[in-house]
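The values are calculated or read from the model by the stated rules, or taken from the named source; none is laboratory data. Note that this is a predicted model, so its numbers are computed, not measured. Cβ placement follows ideal geometry from the backbone for every residue including glycine, while neighbour counts extend to all protein chains displayed.
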Amino acid sequence: MVTIKRISIALTVGLIVVCIGFYPKLQALYVTMHLFDEDRIVENFRSVQTIWPTKGLEKSSQPYRYSVDLSGSLPPNFSYDNQDYITQAFLKDSWTTGFLVIQDDVIVSESYFLGNNQTTQNISWSMAKSFISALVGIAVDQGQIASIEQAVDVYAPQLKGSGYEGVRIKDVLQMSSGIAFNEDYGDFYSDINRWGRDFSLGNSQDDFAASLTRGVPPGTKNHYVSIDTHVLSMVLSRATGQSITDYMQDNLYTAAGMEHEGYWIADGVNVEMALGGLNLTLRDFAKIGSMYLHDGALNGQQIVPKAWVADSITPDGAHVQPGPGFGYGYQWWIPPGNEGEFMAMGVYNQYIYVNPETNTVIAKLSANPHYNDTTYGPSSDWPHLALFRSIAHQVDGR
């Protein structure tokens, strides 16, 4: 009887220890599954550091500050697909938390909503991909990555035997890796949501990437696979010998004159969520738009190579051309049209829009809980593009 009692106590203590050890993972998983709930999404998007581990970026000692002249105004309305929208109502209905218009390097409109302000660090989601592309371009220029014609597994041998083996860095940059992947955020069982749950449990993103298989030949079809960006980060960190955070700090964040601290969220093995885990203020997000508007230069420095910027925003294959939909460059979206526009875009309506013809940069942060409702107009990228074009043409005086 005494022995049974001791065994029972030991098992109970062991169970308690296991539960205590696993509780943070369960809590993170629970929060992730409710991350986009209407009553939580806004606060969650500006406080992900309370959910996951983070890696900090230090503000620049020589900040680049935009000139400000708020005498301009937004167009009161705009239209898309024979539907008229009231601008301020559209911003509200898409749950905008920050909206910034920069014309000729001057802030002409800046607004914050739903509790955000000029110093709020907000999650980027997939706008982070465009930052990763910039870092890859810098590493190529510095000779740390010899060529984007090389296969990703040359730098990340863990990918040998996976669907990524033999895939060119360029194909991964262009979201044309050929990996079979379901990116539907509205599907609980999709690959991207499976990855999200895996991330929340603290598991390795490298291992997840190495588990994926090929669907079509690389370089033949533009198919959006967020893990492609993680693979770029694997290449980048191994080629440079630095973490994404450290490399970005040394080669972009300080040089661009970022005004505020930022951070990446990380997985359980301290690897950045390169595909969407960058957290910055609205003005600091906009700086990559200004940098690319000026051919990679900002704050008195050439930060991203001019040739890389040009290549990044120029679709150069039949499978990445804009047509009925957006085209794709090196982790930048290319709208159809003839104004040379390009965009960084993230789920739940995050945008950095650049129009070289009008010399306009627009940045928008949002926390739209209706994003996955395809019948809800303010969730769509297309009315957003129409709004941005309307603003660019007005502030440019056309």
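Among the residues of the range 131-147, how many are assigned to a loop (DSSP other than H, G, I, E, B) and under 16 Å from Lys306 (Cβ atoms)?
At the first step, the residues of the range 131-147 found to be assigned to a loop (DSSP other than H, G, I, E, B) are 142-147.
Then drop every residue that is not under 16 Å from Lys306 (Cβ atoms), which leaves 142.
Looking only at that region, the number is 1.
Which is within 18 Å of the chain's Cα centre (by Cα), surrounded by fewer than 14 Cβ atoms within 10 Å (Cβ to Cβ) and more than 19 Å from Trp308 (Cα to Cα), of Asp207, Asp184, Asp191?
Answer to the check: Asp184.
Can Leu252 be described as out of contact with any Gly (no Cβ under 9 Å at 6 or more places or on another chain), in a helix (DSSP H, G or I) and surrounded by 24 or more Cβ atoms within 10 Å (Cβ to Cβ)?
no
Need the failing condition index for Pro157 against (1) farther than 21 Å from Ala310 by Cβ; (2) touching a residue at least 40 places away in the same chain (Cβ under 8 Å), just the number.
(2)
With the condition kept exactly as written, say whether any residue in the range 82-97 is in contact with a Pro (Cβ under 9 Å, 6 or more places away or on another chain), surrounded by 13 or more Cβ atoms within 10 Å (Cβ to Cβ), of a type outside the set (Gly, Ala, Ser) and in a loop (DSSP other than H, G, I, E, B).
yes
Provide a single number: the residues in the range 154-166 that are within 18 Å of Gly137 (Cα to Cα) and either in contact with a helix residue (DSSP H, G or I) (Cβ under 8 Å, 6 or more places away or on another chain) or in a loop (DSSP other than H, G, I, E, B) (or both). Even if it seems obvious, please write down each step before you answer.
Restricting attention to the range 154-166, the residues satisfying the condition of being within 18 Å of Gly137 (Cα to Cα) are 154-156.
Keeping just the survivors that are either in contact with a helix residue (DSSP H, G or I) (Cβ under 8 Å, 6 or more places away or on another chain) or in a loop (DSSP other than H, G, I, E, B) (or both) gives 155-156.
Adding up the residues that qualify gives 2.
Report whether or not Ser109 is of a type in the set (S, T, N, Q), part of a helix (DSSP H, G or I) and crowded, with 17+ Cβ neighbours inside 10 Å.
In short, no.
Mind telling me which of the residues Ser73, Ser47 ends up being of a type outside the set (D, E, K, R) and at pLDDT 95 or above?
Just one listed residue meets the conditions, Ser47.
Please go through the range 217-241 and give me each residue that is assigned to a loop (DSSP other than H, G, I, E, B) and not aliphatic (A, V, I, L, M), ordered by number.
Answer for the range 217-241, where residues must be assigned to a loop (DSSP other than H, G, I, E, B) and not aliphatic (A, V, I, L, M): Pro217, Pro218, Gly219, Thr220, Lys221, Asn222, His223, Tyr224, Ser226, Gly241.
May I ask you to say which residue of Phe113, Phe99, Phe90 is over 30 Å from Ile227 (Cβ atoms), free of Cβ contacts under 8 Å to residues at least 24 places away in the same chain, of a type in the set (A, V, I, L, M, F, W, C) and touching a Leu at 6+ places or on another chain (Cβ under 9 Å)? Spell out the reasoning first.
Details: Phe99 fails: free of Cβ contacts under 8 Å to residues at least 24 places away in the same chain; Phe90 fails: free of Cβ contacts under 8 Å to residues at least 24 places away in the same chain.
None of the other options fit; the residue is Phe113.
List the pairs whose first member sits in the range 270-288 and is under 25 Å from Pro356 (Cα atoms) and in a loop (DSSP other than H, G, I, E, B), whose second member is of a type in the set (Gly, Ala, Ser) and at pLDDT 95 or above, and whose Cβ atoms are under 8 Å apart, counting only residues at least 6 apart or on separate chains?
Thr281/Gly262
For the range 291-313, what are the residues that are under 17 Å from Ile169 (Cβ atoms) and of a type in the set (S, T, N, Q)?
Result: Ser312, single match.
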